[in-house]
Structures are given as structure tokens and as C-alpha cells.
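K.L.:
Take a look at this one; I'll ask things after.
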Amino acid sequence: MAEPPFTDEHELLRESVRRFVLAELAPHASEWEAARWFPDSVFGAFAQHGFLGLKYPEAYGGQGGDVLHEAVLAEELARCGSGGLAAGVGAHVNIATPPIAKFGTEDQKQRYLVPAIAGEKIAALAITEPDAGSDVAGLKMHARRVDGGWLLNGSKMFITNGVRAHVWVTAARTTSEGGHHGLSFFLVDRQDGVSASKIDKLGWHASDTALMSFDDAFVPEENLLGRENEGFYLIMANFQWERLVMALGAVGAMQVAYDKTVAFARQRNAFGRPLTGFQALRHKLADVATTVHTSRVVTYDALRRFVTTDGDAVKEVTMAKLATQRACFDVMDTCLQIHGGAGSMEEYEIERMARDARLGPIGGGTDEIMREILAKVLAL
Ligand SMILES: Cc1cc2nc3c(=O)[nH]c(=O)nc-3n(C[C@H](O)[C@H](O)[C@H](O)COP(=O)(O)OP(=O)(O)OC[C@H]3O[C@@H](n4cnc5c(N)ncnc54)[C@H](O)[C@@H]3O)c2cc1C
């Protein structure tokens, strides 16, 4: 039975996403993680099933669904067994294309959203810079007006899909004013003025996290996204959704780790009985099951409020992000411990899940920033 806010229809979608993830992605997860890259054709495979445009209107090639359909995908993607793959596809559907759908002109939607939904153009969102992450007001990349458009100069850091993208949705300064003012958004096409190099990292191995350089990168007039100097609003507009999606991904990943670990503990024997025969381990598993359940409840509650308030659920979404990300890493650590030595072996995948979970309390707004937001919302 469907658990609110999902309906039976969302559950049908869940079944079909799960089938796709288990049949077409999971069997390749280890190979792609080892290669530190998943093929671009994966976007095409998602598109064939309509999974790159679940929440977008049919007029643009989408499925005409809502954010709850997208939420199903976010939770189920965790079953693919590669945080990097989930991050790459997630960045495309959850952070890079939403600003185009929400603020793009009809022409921009035709040129970027339609091919993105069709899996023909891969998108990245490039906000973070080497000297500005949490502090978005500290962004330095600048755009200088020239005949017919702008020239962008500066660097971007930690950009998911940064190397493989065909279009970077990016923010740059368009006035000399500092702080939150004078930022604008641009759709930047591949060109000589843009270079990206892949950075090695703890987890998410299959995804290309990039350091990027924009050297006189030309952006035509028609590729300004939203209004000039109002880019900060665009950055803020999708934060709640990005954080909800991260919470959903953590819930999905925790569920997978719990299921895997229970199965392992039931068949692994020590001192003449299965690991589940030891109270110390049974209690750990009971704690993990409780964390998975409470994380899901908090996240679904935030999702419900997000849907019913048209995205105005800062407190609940922030709490869901904060509650689930560290919890997910802790769950992975416990599950790894229950696996014993096998827990550090690549073959058992739990070491990968633990590495992949470590980004949660950092990406999309750190745990410290979540607490700062809550302190404001709660007027502390
Ligand atoms: C694998 C990966 C993928 C990413 N993908 C993308 C992407 O696709 N696009 C993109 O734009 N960005 C991306 N990011 C960047 C990510 O969003 C930032 O790393 C994150 O927002 C934190 O910024 P920072 O790394 O600059 O850390 P900083 O902001 O420098 O923070 C460093 C430490 O200081 C703490 N801190 C900062 N300010 C405060 C404060 N006011 N109070 C208390 N503590 C504070 C932080 O919590 C943190 O612990 C990615 C990062 C990684 C690692």
C-alpha cells in the first residue's frame, strides 16, 4: 500500500524505476566505479524510460508528472549501487535542469530543456568556486558585457558532471557590487573558453566532479537565464528541492544497507550461530531499522509539506536534510562493522556505500549551514 504522500500510481512508477535500476544499472555499478566514470549513454537509457523528465510538461518531452514522481526516482536510484552514478543523473534532473524549466525563456527551454529530457544534452550546475562554497555571496566569477553577450572569467569547483556536460548552468557577477547582489545566471555551451578537469575523491567514484576554468567564455545575449543581477534568487529557488532529494537518496541508501546487512548477518556464522544470534548485533540492527524508519518519516513529512505549500517548507526540509545525512553515514558505519573484515572488501559493496554516504553532511549545504538556517527559522 502506498505511504503518504505517495499514491498507488506513484508506487507503480516505483516498481518500474526499481526494475530499470536493478536490471540496467546495478549490474554495471562495480565496473563503472572502478573505471571512475559511467558512460554518457546511461542518460539515453534513462530518457528512453521517460525518467529524465518525470516532473516536466509533456510539451517539452517530459512525463507531465509532479515532484512526487521525481521523489520516487531519487529514492530508488540508491539501489543502483553507485553513489557517483546517482549523483550524476541526480545533478542533471534535480539541480541543473530545474532553473531552466522555471526561469528559462521558451527558446531556452527548446534549446536546453528538451534535449536534456531526451538525454541528448547533459547538464551541470556550476555554483561553487574554490573560494566560495557555503558562502554563496562570496562568488567571484565575473561576466563582462561585450557585443552580443558576455565574456565569463573565473573558476568553479566540485562541479558534478563538470567534465561531461554539454551545458553548464552557472552564476557569475555582472556588477562590481559584492555580496548577494549583482549575480546573474548563464547557460554556457561547450567551447574552447571552458575547460574542466576531473578531481579524485573519497566516494562517488563513477561521477566526474570537476574543477573548471572559464577563460573569456562567450555567452550570447539569449543565454542569460532569468533576470540580470537577480541570480541569487535563482540559486536560492532550488535549494529546498535539492536538499529534499538528498534526504530521499539517504533514506533509499540506508534501506539498501539495512537489507544487505540483515541478509549477511543471517547467513554468516560465528561461535556456532548466525550473527543475528548475538544480542549485541541484533540490537545494532534494531537501531539501524529505527533510524531508517525515522529518517523516512521525517523526509516524507517534509516532502508532503513541500508539495502542499508549493515549496515553502524551509524548516521541515532543512530538518530532513540534517537528520538524514549524518544518520546515513552512521548507518553505513554500523553496517560495515557488522560485516567484519568483509566490510572493507570492495566485493561486499558496503565500503563503497560508506564512502558514498560521507558527502551527505557536506554537499547541498553542510550540516553546520543547516543548523544556521534552523537557528534563523526558529528565531534562536
Ligand atoms: C563530490 C562533490 C560534488 C559537488 N557537486 C557540486 C555541484 O554539482 N555544483 C556545485 O555548485 N557545487 C557542488 N559541490 C560543492 C558543495 O556544495 C560544497 O562543497 C558545499 O556547499 C560546501 O562548501 P565548501 O566545500 O566550499 O566548504 P566551506 O563553505 O569552505 O566550509 C568548510 C567548513 O566550514 C563550515 N562552515 C562554513 N560556513 C559556516 C558557518 N557560517 N557556520 C558554521 N560553519 C561553517 C562548513 O560547514 C564546513 O564544515 C560538490 C561538492 C562535492 C564534494
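K.L.:
Which condition breaks for Leu224 when tested against (1) touching a strand residue (DSSP E or B) at 6+ places or on another chain (Cβ under 9 Å); (2) open to solvent by less than 40 Å² (accessible area, probe 1.4 Å); (3) under 28 Å from Glu75 (Cβ atoms); (4) modelled with pLDDT of 95 or more?
P.N.:
Only one criterion is unmet by Leu224, namely (3).
K.L.:
Given the options Thr334, Thr366, Thr276, Thr318, name the one that is touching a residue at least 40 places away in the same chain (Cβ under 8 Å), farther than 21 Å from Val72 by Cβ and over 21 Å from the mean Cα position of the chain (by Cα).
P.N.:
Values: Thr366 fails: over 21 Å from the mean Cα position of the chain (by Cα); Thr276 fails: touching a residue at least 40 places away in the same chain (Cβ under 8 Å); Thr318 fails: over 21 Å from the mean Cα position of the chain (by Cα).
Of the residues listed, the single one that is touching a residue at least 40 places away in the same chain (Cβ under 8 Å), farther than 21 Å from Val72 by Cβ and over 21 Å from the mean Cα position of the chain (by Cα) is Thr334.
K.L.:
Still on this structure: Collect the residues in the range 58-80 that are of a type outside the set (A, V, I, L, M, F, W, C), open to solvent by 30 Å² or more (accessible area, probe 1.4 Å) and within 16 Å of the chain's Cα centre (by Cα), keeping them in residue-number order.
P.N.:
Hit for the range 58-80 is Arg79, nothing else.
K.L.:
Now a separate question. Which numbered condition trips up Asp301, out of (1) surrounded by fewer than 18 Cβ atoms within 10 Å (Cβ to Cβ); (2) in contact with a Lys or Arg (Cβ under 8 Å, 6 or more places away or on another chain)?
P.N.:
(2)
K.L.:
Starting from the range 147-164, take each residue that is at positive phi and list its partners that are near the ligand (Cβ under 7 Å from one of its atoms), counting only C-beta distances under 6 angstrom and pairs at least six apart or across chains.
P.N.:
Phe158/Thr128; Phe158/Thr209; Asn161/Ala91; Asn161/Ala124
K.L.:
Are there helices (runs of 4 or more DSSP H) fully within the range 299-380 with at least 3 residues that are within 24 Å of Ser82 (Cβ to Cβ) and modelled with pLDDT of 95 or more? List them. Before the answer, list the steps.
P.N.:
Details: elements: 314-338, 350-357, 367-377.
Answer list for the range 299-380: 314-338, 350-357.
K.L.:
Being more than 9 Å from the ligand (Cβ to nearest atom), touching a residue at least 12 places away in the same chain (Cβ under 8 Å) and in contact with a strand residue (DSSP E or B) (Cβ under 9 Å, 6 or more places away or on another chain) is the filter here; which residues of the range 117-144 pass it?
P.N.:
Within the range 117-144, Lys121, Ile122, Ala123, Ala137, Leu139, Lys140, Met141, His142, Ala143 meet the criteria.
K.L.:
Right, another one. Select from the range 23-66 the residues that are at pLDDT below 95 and assigned to a helix (DSSP H, G or I) and list them in ascending order. Can you show your working first?
P.N.:
Of the range 23-66, the ones at pLDDT below 95 are 66.
Residues satisfying the conditions do not exist here.
The values are calculated or read from the model by the stated rules, or taken from the named source; none is laboratory data. Nothing here was measured: the structure is a model prediction, and the numbers come from that model. Note that we place each Cβ from the backbone using ideal geometry, even for glycine, and neighbour counts take in every protein chain shown. Calculation scope for accessible area: heavy atoms of the full protein, side chains included, ligands and nucleic acids excluded. Shrake-Rupley method; radii C 1.70, N 1.55, O 1.52, S 1.80 Å.
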